[in-house]
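Student: I'd like to ask you about the structure that follows.
The values are calculated or read from the model by the stated rules, or taken from the named source; none is laboratory data. Since this is a predicted model, take the numbers as computed values, not measurements. Cβ atoms come from the backbone with ideal geometry, glycine included; neighbour counts cover every protein chain shown.
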């Protein structure tokens, strides 16, 4: 989140090539943020409630980011940026909750880390009941 705020505080953002499509960049960055937040929530229960809370939080952060830009010289507020932020968050939450392959891809590092922790400490790691 700090990186987003830092970029938001710049008068000009140097983007080139593929990411000239700033709506796509908003969609991807805020989708990644939603995925990371959802992963931080309880690993035992990744239900609709956590997904809605995550999408709402990321959407509100997108609004605050646009508001923050209104105070930065050379930057402007664009509702379309906030829409891209929110759609990225909703899409990422949906993938994470509904598509097992996406969730497993995002959590593959977690399982390896918990197995290593279990070996080092001798205590069993929490069991992921969903998959």
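Student: Which residues, counting only those in region 48-77, are in a loop (DSSP other than H, G, I, E, B), touching a helix residue (DSSP H, G or I) at 6+ places or on another chain (Cβ under 8 Å) and loosely packed, with under 13 Cβ neighbours inside 10 Å?
Tutor: 76
Student: Still on this structure, I have one more. Test of understanding: among 84, 80, which residue is more than 17 Å from residue 102 (Cα to Cα), touching a helix residue (DSSP H, G or I) at 6+ places or on another chain (Cβ under 8 Å), surrounded by fewer than 21 Cβ atoms within 10 Å (Cβ to Cβ) and modelled with pLDDT of 85 or more?
Tutor: Every option except 80 fails the conditions.
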